[in-house]
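The values are calculated or read from the model by the stated rules, or taken from the named source; none is laboratory data. Only a predicted model underlies this, so the values are computations on that prediction, with no experimental measurement involved. Glycine also receives a Cβ, built like all others from the backbone with ideal geometry; neighbour counts cover every protein chain displayed.
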Amino acid sequence: MKAAQINSYGSEDVLQLSADAPKPVAGAGEVLVEVYAAGVNPFDIKVREGKLQEVKQLQFPATLGGDLAGIVSEIGEGVMEFKVGDAVFGQANALGGQGSYAEFTTLKAEALAPKPNSLDFINAAGAPLVGVSAYQALVDHAGLKKGQKILIHGGAGGIGTFAIQLAKHLGAYVATTASAGDAEYVKNLGADEVIDYKTQAFEKLIKDYDVVYDTVGGETFVRSHEVLKQGGILVTMAGKPDDELAKQYSIKVIGQVTKVINEKLAKLAELLDKGVVKVNIDKVFPLDQAGEAQAYLKAGQHRGKVVLKIK
């Protein structure tokens, strides 16, 4: 089968198309999916660059990719909730070397759910990680409520695009950081206030917020403490929580590791089918341009999601 693989860590040049990668077989508790489309995420780039070696060392050649949408091709032992021919979306194990940048991949049945009826495979493949991340942060961790105020960093990115829409659905006042060129885009998603992160210091402009959702990290994460009121919640996917700093500002800081599981995917599918949130696909690449797709994503000029079309 065809698969976009790496034989060493490095730049996007190490990501090459293999025409004869072995087709995987579904083990116990697993499902073999014929992949129609695969989402491209910053996590995939970190894996390729070797930045997650301390978490897990890849065995080469390794197939990259997590997010996917496709058709169930084979059922492993003990899997009862899916059958061959089901249209599904979910997340393969991007750190396991058997990822979604391939014509077929295996994944745990618990990381899969029926594809939203209203979405084609391209759009469905763009939803799992970003959609579940936003839901987990805003609903599970922050408990965002009507009338509260939230600052969402990186509003034009994949996660930010979902988070703005979800926050508005929950009834919150939404401020977001974005470039001036993306201001109209994030306003159309529902943002009430847009802060140009290149020319404006967000911590000088807004105060007494209930929630901050950070996917940027670094100084952005540190400065975000200043925006919250006492008792506020800072959810970060890129910063390292500092108990002393949180105590200084009397806030709660939560470091989020997204768990793409069936229950959350089902909730996401419901929101998508109801039109509460929409997927925004910025650009679609063929599988043999997976390296170019990652380079485009890393350049940071995208709005929404970058996806690989495989079938």
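Worth pointing out:
- Residue under evaluation VAL84, criteria (1) buried (at least 21 other Cβ atoms within 10 Å of the Cβ); (2) over 21 Å from LEU272 (Cα atoms), criterion not met: (1)
- At least 1 residues being under 20 Å from GLN256 (Cα atoms) is the threshold, and among the helices (runs of 4 or more DSSP H) wholly inside the stretch 59-169 those reaching it are 128-135, 158-169.
- Those strands (runs of 3 or more DSSP E) of the stretch 182-262 in which 2 or more residues are surrounded by 17 or more Cβ atoms within 10 Å (Cβ to Cβ) occupy 193-196, 209-214, 228-236.
- Taken across the stretch 42-63, residues that are modelled with pLDDT of 95 or more, buried (at least 21 other Cβ atoms within 10 Å of the Cβ) and touching an Asp or Glu at 6+ places or on another chain (Cβ under 6 Å) do not occur at all.
- Of all residues in the stretch 137-164, exactly one satisfies the criterion of being surrounded by fewer than 23 Cβ atoms within 10 Å (Cβ to Cβ) and polar (S, T, N, Q), namely GLN148.
- Annotation note: Cβ proximity below 6 Å between a residue of the stretch 66-80 that is buried (at least 19 other Cβ atoms within 10 Å of the Cβ) and a residue that is aromatic (Phe, Trp, Tyr) (sequence gap 6+ or interchain) occurs for ALA69/TYR36; ALA69/PHE89; ALA69/PHE121; GLY70/TYR36; VAL72/PHE82.
- Enumeration of residues in the stretch 278-300 that are part of a strand (DSSP E or B), aliphatic (A, V, I, L, M) and surrounded by 18 or more Cβ atoms within 10 Å (Cβ to Cβ): ILE281
- Meets criteria (modelled with pLDDT under 95 and either within 15 Å of PRO286 (Cα to Cα) or among the basic types (Lys, Arg) (or both)) for LYS23: no
- Here ARG303 fulfils each of the conditions (1) under 25 Å from LEU189 (Cα atoms); (2) buried (at least 19 other Cβ atoms within 10 Å of the Cβ); (3) in contact with a Leu (Cβ under 9 Å, 6 or more places away or on another chain) apart from (3).
- Any hit, the stretch 1-8, residues being within 21 Å of PRO128 (Cα to Cα) and in a strand (DSSP E or B): yes
- Qualifying positions in the stretch 191-243 - farther than 20 Å from ALA137 by Cα and touching an Asp or Glu at 6+ places or on another chain (Cβ under 7 Å): GLU203
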